[in-house]
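Here is the structure we will look at.
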Amino acid sequence: MVINYIKKKAITAVLKKATNVSDKTLINITRFLEKFSTAASKDAIISVREMIEKNTVGYKLIRRILDNVAPIYKEKLIENLIVQGLVMNYKKRNREFKKGGTVPTTVLISPTMRCNLKCVGCYAMKYAREDDLPFEVVDRIVREGKKMGVAFFTFLGGEPFVWPHLFRILEKHKDVFFQVYTNSTLITEDVAKKLLKTGNALPILSIEGFEKRTDERRGRGVYKKIMNAMAILKRNKIPFGFSSAVTSKNAEEISSDRFVNFLIEKGAYLGWFFLYMPVGAKPDPKLMPTPKQRLHLYNRDLKLRETKPIFIVDFWNDAPWVGGCIAGKEYVHITSKGDVEPCIFTHMAVDNIKNKSLKDVLNSDYFKALRARQPYHENLFLPCQWIDHPEVSREMEKKFNLYPTHPGADDPIRDQKVRKAIDKYSKEVHKLYAPVWKKSQFAKKK
């Protein structure tokens with residue numbers, strides 16, 4: 001324990017120094033860090049050094065963070081996310097893997113499903129305050145996660161800033177890092193001051209494109225409130241990201257140079273693309289981006305990463321990097337009622353966190369069976385059990401007698417019209433992505 005504490009402080013101190021030094025000194029620091037690295041983190045350290053030496057777009061992003069982010073955030077990104085998450089927790093996580101268990105990279109928690117907006121296609125239903133997760137339950141989830149080796153937690157909902165205990169959790173667990181997905185409308189100067197107090201929560205602002213597209217889905221005037229939130233965060237040097245639900249209406253707009261350049265200028269450092277999924281009550285398959293739009297997004301991902309100093313994550317097209325589907329393996333979602341879902345888009349469960357530990361839930365027969373099936377196909381660009389391999393979600397629901405976590409959650413399985421649309425989509429996307437897989441670096445490694 002003492003040796004690990006000293007090691008953590010030594011690495012942290014070196015990395016903190018790196019936030020105010022020249023490129024040459026940074027390169028020397030990466031060589032120093034290699035001495036403390038594990039097999040898993042050594043390659044990452046070498047990659048960072050190569051980025052600095054070549055002055056790549058990736059390094060320009062790192063430099064943006066070093067030059068423009070508040071000191072408390074740089075400290076927590078280094079100490080909590082990098083040192084604790086990547087270096088110190090490696091042995092702890094590996095120990096669980098050797099036992100046949102799993103340790104998610106992140107645990108998603110929806111402490112409330114209440115929200116002040118009513119966005120088109122959102123799976124959030126009408127909930128009351130009584131449906132919120134109590135502070136004690138969320139606190140236990142975080143504590144159990146930390147014990148297993150989780151250093152990164154994600155809050156979503158609903159609207160997390162509606163939950164009255166959010167900052168209490170951030171304050172109590174200063175040794176881990178959080179993402180907070182938000183509709184932005186509740187971010188004020190007072191909220192910014194509270195975020196700066198702990199420096200361990202990265203706001204992810206939902207936006208669907210420019211004003212017309214965003215207000216079309218989220219309500220009139222919401223876009224301007226998002227712009228105001230971005231201005232507040234940038235002024236206070238609080239790093240933030242954006243999240244876009246990719247639909248048939250906005251796929252081209254949200255992946256355009258114009259839109260991404262705009263968000264970089266506003267201060268975003270990270271961007272998430274999530275395909276609209278026909279899940280939840282009364283799903284609308286017509287809102288799904290077409291297979292061709294999904295492929296267009298993949299090609300745009302490649303271009304954006306070559307040219308823009310922002311970290312873009314495409315939840316489907318990036319699946320080959322993590323071996324396909326990661327549901328119930330690299331992440332899980334806990335609803336405001338405590339139901340534990342393997343994925344944010346799988347609104348089915350067998351266990352509730354209120355009467356089981358996080359570790360026990362992760363090692364349920366259902367989660368083990370899901371992990372045993374992964375990946376569902378050789379083509380890792382087709383990771384999803386709902387839209388790429390719908391037979392998997394249907395088989396799992398039947399075999400484990402899964403219960404829907406909200407009214408209408410089983411519509412994608414029960415509604416014949418939705419099932420037919422998903423089956424048609426699946427066939428088309430398999431055909432379209434077959435040549436993409438054959439040409440990819442991932443297929444060549446197999």
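The values are calculated or read from the model by the stated rules, or taken from the named source; none is laboratory data. Quick caveat, the model's predicted, so the values are computed rather than measured. No Cβ is skipped: glycine too gets one built from the backbone with ideal geometry, and neighbour counts run over all protein chains shown. With ligands, DNA and RNA removed, areas are computed over all heavy atoms of the protein, side chains included. Shrake-Rupley method; radii C 1.70, N 1.55, O 1.52, S 1.80 Å.
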Say whether the condition of being of a type in the set (Phe, Trp, Tyr), crowded, with 18+ Cβ neighbours inside 10 Å, at pLDDT 95 or above and part of a loop (DSSP other than H, G, I, E, B) is met by at least one residue in region 351-374.
no
Among the numbered criteria (1) in contact (Cβ under 8 Å) with a residue 24 or more places away in the chain; (2) open to solvent by 10 Å² or more (accessible area, probe 1.4 Å); (3) more than 19 Å from PRO309 (Cα to Cα), which single criterion is violated by GLY221?
(1)
The listed residue being over 24 Å from GLU79 (Cβ atoms) and either open to solvent by less than 10 Å² (accessible area, probe 1.4 Å) or out of contact with any His (no Cβ under 9 Å at 6 or more places or on another chain) (or both), out of THR185, THR154
THR185
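So that you can scan it fast, the table gives a plain yes or no per residue for (1) assigned to a strand (DSSP E or B); (2) more than 21 Å from the chain's Cα centre (by Cα); (3) among the polar types (S, T, N, Q):
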site: PHE153; (1), (2), (3): yes, no, no
site: GLY158; (1), (2), (3): no, no, no
site: PHE161; (1), (2), (3): no, no, no
site: PRO164; (1), (2), (3): no, yes, no
site: ASP175; (1), (2), (3): no, no, no
site: ASP190; (1), (2), (3): no, yes, no
site: LEU202; (1), (2), (3): yes, no, no
site: ILE226; (1), (2), (3): no, no, no
For region 157-182, how many residues are open to solvent by less than 30 Å² (accessible area, probe 1.4 Å) and among the acidic types (Asp, Glu)?
1
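Can you name every residue in region 249-290 that is over 27 Å from ARG235 (Cβ atoms), part of a loop (DSSP other than H, G, I, E, B) and open to solvent by less than 40 Å² (accessible area, probe 1.4 Å)?
Within region 249-290, ASN250, SER255, TYR276, MET277, PRO278, VAL279, GLY280, ALA281, PRO283, MET288, PRO289 meet the criteria.
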Selection within region 88-118 - in a loop (DSSP other than H, G, I, E, B), of a type outside the set (D, E, K, R) and open to solvent by 40 Å² or more (accessible area, probe 1.4 Å)
GLY100, THR105, CYS115, ASN116
Just one of (1) touching a Ser or Thr at 6+ places or on another chain (Cβ under 7 Å); (2) at pLDDT 90 or above; (3) surrounded by fewer than 16 Cβ atoms within 10 Å (Cβ to Cβ) trips up LEU66, so point out which.
(2)
